[in-house]
1. Would you kindly identify the helices (runs of 4 or more DSSP H) lying entirely within the stretch 173-262 that contain at least 1 residues that are open to solvent by 50 Å² or more (accessible area, probe 1.4 Å) and β-branched (Val, Ile, Thr)?
2. In the stretch 151-161, what count of residues is obtained for those that are on the phi < 0 side of the Ramachandran plot and away from the ligand (no atom under 11 Å from the Cβ)?
3. Restricting attention to helices (runs of 4 or more DSSP H) lying wholly within the stretch 37-139, give those where 1 or more residues are of a type in the set (Lys, Arg) and touching a residue at least 12 places away in the same chain (Cβ under 8 Å).
4. Testing Thr4 on (1) more than 16 Å from the ligand (Cβ to nearest atom); (2) within 24 Å of Val209 (Cβ to Cβ), one condition comes back false. Which one is that?
5. If you go through the stretch 169-205, how many residues are away from the ligand (no atom under 16 Å from the Cβ) and either at pLDDT 95 or above or not hydrophobic (A, V, I, L, M, F, W, C) (or both)?
6. For the stretch 89-147, enumerate the residues that are within 19 Å of the chain's Cα centre (by Cα) and away from the ligand (no atom under 13 Å from the Cβ).
Amino acid sequence: MQLTEKYGTWALVAGASEGIGAAYATYLASSGFNLVLVARRKEPLEELAKALTSKFKIQAKCISCDLANTGAALQLQEATKDMEVGLLVYNAALSHIGAFEKDTLEHNNKIAQANMVTPMNLVHLFAEPMLNRGNGAIILMASLAGFQGSGFLATYAATKAFNRIFAESLWYEWKDRGVDVIACCAGATATPNFINTKPEKADFFAPRVQSPDEVVKECFEKLGKQPSFITGTGNKLASFIMQKLMPRKTAINIMGDTTRKMYRL
Ligand SMILES: NC(=O)c1ccc[n+]([C@@H]2O[C@H](COP(=O)([O-])OP(=O)(O)OC[C@H]3O[C@@H](n4cnc5c(N)ncnc54)[C@H](OP(=O)(O)O)[C@@H]3O)[C@@H](O)[C@H]2O)c1
């Protein structure tokens, strides 16, 4: 069955302008969805919207919104009140790479707001009509960093654990009600954001860096079938070794050592 037959004709991508978010938007446009594209910067959103509307003959609405603001979810609900959004992708995330105590309290609160509170609010607001209609889909981006303690990514990693557990819980609650929920647990992915952090190649447990398109393609293969999944064979293997074959303390040490090395901390 086509995705639009299953989930309706409008999809909202939060964090849509580049990288994995733009890959979601492109995949959805190529599947025939009209798009609500959300990010802080309007220009890249509008460029993407222009390219996708002319290539795939779809409609697109761009919304400039800081998802770290407490009113973000209500702003998006108001801005889309005339549309039936049947598929929601929450891709945006804030992070701090480095010692926890060196990041400000204010920024830590923004990370928690953008990565946990806003997606929770958005899911609450957008799932209600989906549940009433008996169809819809929600994709939350999680990360391998959220599978164990991840030194030098402390708040970010904890928020990514939240996303995975939140999605898996809702998958269970809504699996017989027509609303598919999935957590997409990515490893290193070549987005502008990731490349800008200038990571050095980590050695032993470093799976191949994936492309945003690979991540998104696999996500739509798994949507409706699993509560969560790990992207890519290398990430699956590394995660299996770290989660199933190693003591948790060893996995935490490997993760922290890898991040320290990748970012010369
Ligand atoms: N890249 C990786 O290696 C990797 C690995 C594991 C998991 N992930 C997960 O994959 C997702 C995307 O990762 P990425 O960082 O590489 O990003 P990305 O997909 O390249 O893009 C991030 C998008 O979110 C928007 N955004 C960021 N903060 C925002 C805010 N406060 N309000 C509104 N929009 C915001 C950005 O646009 P503006 O800047 O214009 O707002 C941009 O469109 C994240 O959830 C991340 O946790 C990524």
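1. 192-196, 233-240, 248-262
2. Applying the first criterion (on the phi < 0 side of the Ramachandran plot) to the stretch 151-161 yields 151, 153-161.
Retained after the next criterion (residues that are away from the ligand (no atom under 11 Å from the Cβ)): 151, 154-155, 158, 161.
Count: 5.
3. Working: elements: 42-56, 72-79, 105-112, 118-133.
Output list reads 42-56, 105-112, 118-133.
4. Among (1) more than 16 Å from the ligand (Cβ to nearest atom); (2) within 24 Å of Val209 (Cβ to Cβ), the lone unmet condition for Thr4 is (2).
5. Keep residues of the stretch 169-205 that are away from the ligand (no atom under 16 Å from the Cβ), which gives 169-180, 203-204.
Next, only the ones that are either at pLDDT 95 or above or not hydrophobic (A, V, I, L, M, F, W, C) (or both) stay: 169-180, 203.
Count: 13.
6. Asn108, Met120, Asn121, Val123, His124, Leu125, Phe126, Ala127, Gly136, Ala137, Ile138
The values are calculated or read from the model by the stated rules, or taken from the named source; none is laboratory data. As the structure is a prediction and not an experimental result, all values here were calculated from the model. Quick reminder, even Gly has a Cβ in these numbers, built from the backbone with ideal geometry, and neighbours come from all protein chains shown. When the accessible area is computed, the model is the full protein with side chains, heavy atoms only, and any ligands, DNA or RNA have been set aside. Shrake-Rupley method; radii C 1.70, N 1.55, O 1.52, S 1.80 Å.
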